[in-house]
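The values are calculated or read from the model by the stated rules, or taken from the named source; none is laboratory data. All values derive from a computational prediction rather than experimental measurement. Note: ideal-geometry Cβ built from the backbone for every residue, glycine included; neighbour counts use all protein chains shown.
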Amino acid sequence: MKEITSKTAALYAQGELIAGSGDERIRKVITDSRKSAPGTLFVAIRGENHDAHSFLESAFLAGTAAALVSDRKAALDALSKAREKNAKVSPAIILVNDTVEGLGRLAHGYIETLDVKQVGVTGSTGKTSTKDMLHCVLSEKYRTVKTQGNFNNEIGMPLTVLSIDEETEAVVLEMGMSAFGEIHYLVDIARPEIGIITNVGISHMEILGSRQGILKAKLEITDYFDKDNLLIIYDDGDVLSRSSAAAKGSYRLWTAGSLGSCDFKISGVRDRGADGIEYKLGFGGRTYDVALPAPGKHNAINATLALAAGLALDVDIETGIRGLAKLELTGGRLSVKEAGGVRVIDDTYNASPDSMKAGLDVLSNTEGERRVAILGDMYELGDESESWHRQVGEFAAEKKIDLVIAIGEIAKAIAEGAKAKKGTGEVVYFAEKADFIEKKDEYIKKGDVILVKASRGMHMEEIVKAITE
């Protein structure tokens, strides 16, 4: 972050400076009071379980330069108590109605002062992988910053924006959502010049009602677009297509996919299991060979979207392909770990029916004495949740997975689907993770290659840890 004063921060956040001189120097914005130090601006957020205003006194004593607050009395009381312990404490206090909204306005005001290329990435699945890939592509030419981890919401994305400094030339911002209006809020903060939609699946169907509803929510990424902006999509020929994406406005549109009408044509995908993929990319009358160290045929789509966005920002395709060779995906996304003679494909970050099937494809194409799928609950699938879980089980049976281990209340339908399909493999069900972990040595053998996948709330990384450590 480039240094700003507390007066400037108050101006950006549209807040009132109720303590301090306005000259306090801010070099970092934080939401965790334990990271308070000279030069930091602590944002006191009220959450469901705690109110960060209760940590203001400790933040002041730690030397934080400023605090963004929504409770005047709590802030001034904390300042008074801190000064009783250290009379030299002199932070700025900026008062706003809502600190989350204030953080967003602060980020918007800040990024408006920078000359930086901005790309927003959203989609039901694949947005984090695409973000990682685009970061590799753009880093071949520009000093590039990307959203870290899963900082893709109304708090995390502004923090990413506020981590950018004057030397940053490009930023890749992942934009997550679970309801209408959330992506609109994020693009109001950052105003990306390029938007990417990886796909429209069924994640958050419970809230958004239908895939058409999900499409509408994803297309909010174009809410501030004009004729100079560019939207890049995966054209699945179904809900997300050239025609459905173009209907929203007059912006430019590029498509990627296997359809003959796509601007960036994917063909000849060769799945090498956990070792990655190779494919042909056709564009502008030329064909390029792409080798990707990330597993999964679906990553050909993500890589192509990243290469297209890179090209739009003057990174030629050959240079972009070289960048992709350096790819390291964010943890928990088809990362491969080996220990004790077993190979674990860790895809625990999140799950939907489409990504479950993609993970099973990777497993089925990976060499091993046995192929084992450890699958847990998928959340927010609405009334058809049981049916989607059953379909995943049937798909696993069709892939001739040697052992399917389903874990969790809803995942019982995965086991039922796998058994009903009468595949050649064994099917085991556990209601609780702890029960499987206790008995894991009965089911895991040397030489196994194992896929572990479920929705984030299942915390299936605990199983990966139990197997590999």
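The strands (runs of 3 or more DSSP E) located wholly in the stretch 7-65 that include 3 or more residues which are surrounded by fewer than 22 Cβ atoms within 10 Å (Cβ to Cβ) and modelled with pLDDT of 95 or more occupy 16-19. In this structure, Ala411 qualifies as under 27 Å from Ser124 (Cα atoms) and out of contact with any Lys or Arg (no Cβ under 6 Å at 6 or more places or on another chain).
Close contacts from the stretch 13-41, counting a first residue that is within 21 Å of Glu112 (Cβ to Cβ) and a second that is of a type in the set (D, E, K, R) and part of a strand (DSSP E or B), with Cβ to Cβ under 8 Å and a gap of 6+ residues or different chains, come to Leu41/Lys28.
Which residue, of Lys465, Lys453, is within 27 Å of the chain's Cα centre (by Cα) and without any contact (Cβ under 8 Å) to a residue 24 or more places away in the chain?
Details: Lys453 fails: without any contact (Cβ under 8 Å) to a residue 24 or more places away in the chain.
Criteria check complete, one pass: Lys465.
Among the residues of the stretch 294-340, write down those that are of a type in the set (Gly, Ala, Ser), closer than 16 Å to Thr128 by Cα and surrounded by fewer than 16 Cβ atoms within 10 Å (Cβ to Cβ). Hit for the stretch 294-340 is Gly331, nothing else.
The residue that is farthest from Ser352 (Cα to Cα), among those in the stretch 445-466 that are hydrophobic (A, V, I, L, M, F, W, C) and surrounded by 22 or more Cβ atoms within 10 Å (Cβ to Cβ), is Val449.
Can you tell me which of Ala294, Ala306 is in contact with a Ser or Thr (Cβ under 6 Å, 6 or more places away or on another chain) and either assigned by TED's automatic domain parsing to the domain that holds Glu278 or at pLDDT below 90 (or both)?
On the way: Ala294 fails: in contact with a Ser or Thr (Cβ under 6 Å, 6 or more places away or on another chain).
After ruling out the rest, the residue left standing is Ala306.
The set of residues in the stretch 237-250 that are touching a strand residue (DSSP E or B) at 6+ places or on another chain (Cβ under 7 Å) and either loosely packed, with under 15 Cβ neighbours inside 10 Å or farther than 15 Å from Thr122 by Cβ (or both) comprises Arg242, Ala246.
Could you please find all residues in the stretch 93-120 being assigned to a strand (DSSP E or B) and over 22 Å from Ser21 (Cα atoms)? Before the answer, list the steps.
Here is the first cut: in the stretch 93-120, the residues assigned to a strand (DSSP E or B) are 93-95, 117-120.
Within the stretch 93-120, Lys117, Gln118, Val119, Gly120 meet the criteria.
Within the stretch 75-92, can one find any residue that is part of a strand (DSSP E or B) and surrounded by 15 or more Cβ atoms within 10 Å (Cβ to Cβ)? Taking every residue of the stretch 75-92 in turn, at least one turns out to be part of a strand (DSSP E or B) and surrounded by 15 or more Cβ atoms within 10 Å (Cβ to Cβ).
If a residue counts only when it is touching a residue at least 40 places away in the same chain (Cβ under 8 Å), out of contact with any His (no Cβ under 7 Å at 6 or more places or on another chain) and crowded, with 21+ Cβ neighbours inside 10 Å, which strands (runs of 3 or more DSSP E) contained entirely in the stretch 341-437 have at least 3 such residues?
Working: elements: 342-347, 370-376, 403-407, 426-430.
So the answer is 342-347, 370-376.
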